[in-house]
Amino acid sequence: SKQMPEYEDYIASPTASNASEFIGRALEDNAPDVVQSTYADYIATRPGVEKQGSHGLFSFDDRPIILSALSDGMNRHTGNFWTMIVSLRREDAERLGYNTAAQWKDTLRKHSRELSEALKIPLGHLRWYAAFHNQSHHPHVHLIAYSVCPGEGYLTRQGVTAMRSALGQDIFRDELEHVYAQQTEYRNILKTDWKALLEDVWKQTKQRSFSDPDVEQKLVLLSCR
């Protein structure tokens, strides 16, 4: 729990509000181990969930989700379930448009294939359900995934990293494009400045006005490559 951004915010500013956010998030992260109902019931009906009708669940398609039937099916399922929480700070969610369930639904659907690959579950066998909780400081989405074939699926650290990377690059794509453009500009400037500096050193070397044996030796090595 100490790795959560909510904990970082509490340490930086130990207010009652930040403490409440952290405690709530810590409970949510451990909900599968402590709730009496299914995790789907929990994330679908918890206070703060943005409802999609009578509950807050959405999924990989637009077919109606009957919560009672889904919970019964999950109770009978003998395979593994994987859960994930993706959380943003309020200012990031507002700036990037991730303050509604609709945006999260579009993004998670777009990355169903990456989720399938991360969990080693064939896309046709993958089922996932999610709910958006519009908490004051850290809006976040809960996701639960499993295979219709109970023996399928496993998650590695590489799978976690791949899924995190896919979501992060999509959520922050506009800001990353700006960063990439800046990096390209810096590389171009560096190439230009380095070329001018190298030409100046080479000119001084030819005119015997430059004396640095170490640099001269490296230039000789470079010229041989």
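The values are calculated or read from the model by the stated rules, or taken from the named source; none is laboratory data. In this text, all values refer to a predicted model and were calculated from it rather than measured experimentally. Backbone-built Cβ (ideal geometry, glycine too); neighbour counts: all protein chains shown. For the accessible areas, the whole protein counts, side chains as well, though only heavy atoms, and no ligand, DNA or RNA atoms are used. Shrake-Rupley method; radii C 1.70, N 1.55, O 1.52, S 1.80 Å.
Would you say I121 is under 19 Å from the mean Cα position of the chain (by Cα), surrounded by 13 or more Cβ atoms within 10 Å (Cβ to Cβ) and outside any helix (DSSP H, G or I)? If you could, list the steps in order and put the result at the bottom.
Details: under 19 Å from the mean Cα position of the chain (by Cα): no; surrounded by 13 or more Cβ atoms within 10 Å (Cβ to Cβ): yes; outside any helix (DSSP H, G or I): yes.
In short, no.
Checking the conditions here, which among S116, S68, S54, S20 is assigned to a helix (DSSP H, G or I), under 29 Å from P150 (Cβ atoms) and open to solvent by 40 Å² or more (accessible area, probe 1.4 Å)?
Working: S116 fails: open to solvent by 40 Å² or more (accessible area, probe 1.4 Å); S54 fails: assigned to a helix (DSSP H, G or I); S20 fails: under 29 Å from P150 (Cβ atoms).
Result: S68 is the single residue among S116, S68, S54, S20 that is assigned to a helix (DSSP H, G or I), under 29 Å from P150 (Cβ atoms) and open to solvent by 40 Å² or more (accessible area, probe 1.4 Å).
Starting from the range 1-13, keep only residues that are closer than 17 Å to M84 by Cα, then list their pairs with residues that are in a loop (DSSP other than H, G, I, E, B) whose Cβ atoms are within a distance under 7 Å, requiring at least 6 positions of separation or different chains.
Within 7 Å, the pairs are P5/R89; P5/H138; E6/H138.
I'd like to check something: does the range 33-40 contain any residue that is open to solvent by less than 40 Å² (accessible area, probe 1.4 Å), part of a helix (DSSP H, G or I) and at pLDDT 85 or above?
yes
Only one of (1) surrounded by 14 or more Cβ atoms within 10 Å (Cβ to Cβ); (2) in contact with a Ser or Thr (Cβ under 7 Å, 6 or more places away or on another chain); (3) free of Cβ contacts under 8 Å to residues at least 24 places away in the same chain is not met by W128, so which one is it?
Only one criterion is unmet by W128, namely (3).
Filter the range 93-106 down to the residues that are more than 29 Å from C149 (Cα to Cα), touching a residue at least 40 places away in the same chain (Cβ under 8 Å) and not in a loop (DSSP other than H, G, I, E, B) and list them by number.
Within the range 93-106, A93, L96 meet the criteria.
Answer yes or no: is there a residue in the range 161-168 that is open to solvent by 60 Å² or more (accessible area, probe 1.4 Å), at pLDDT 70 or above and of a type in the set (A, V, I, L, M). Working first, answer last.
Taking the range 161-168 and keeping what is open to solvent by 60 Å² or more (accessible area, probe 1.4 Å), we get 161, 164.
Remaining after also requiring at pLDDT 70 or above: 161, 164.
Of the ones still in play, those that are also of a type in the set (A, V, I, L, M) are none.
No; the residues of the range 161-168 include none that is open to solvent by 60 Å² or more (accessible area, probe 1.4 Å), at pLDDT 70 or above and of a type in the set (A, V, I, L, M).
Does R109 fit the bill of being more than 30 Å from I23 (Cβ to Cβ) and in contact (Cβ under 8 Å) with a residue 40 or more places away in the chain?
Working: more than 30 Å from I23 (Cβ to Cβ): yes; in contact (Cβ under 8 Å) with a residue 40 or more places away in the chain: yes.
Considered against the rule, which asks whether it is more than 30 Å from I23 (Cβ to Cβ) and in contact (Cβ under 8 Å) with a residue 40 or more places away in the chain, R109 comes out as yes.
The conditions are (1) assigned to a loop (DSSP other than H, G, I, E, B); (2) in contact with a strand residue (DSSP E or B) (Cβ under 8 Å, 6 or more places away or on another chain); (3) of a type outside the set (S, T, N, Q), and P14 fails exactly one of them. Which is it?
So the condition that P14 fails would be (2).
So which residues in the range 131-160 are among the β-branched types (V, I, T) and either open to solvent by 10 Å² or more (accessible area, probe 1.4 Å) or under 21 Å from G79 (Cβ atoms) (or both)? Give the derivation first.
Our first condition is that a residue be among the β-branched types (V, I, T); within the range 131-160, this holds for 141, 144, 148, 156, 160.
Within the range 131-160, I144, V148, T156, V160 qualify.
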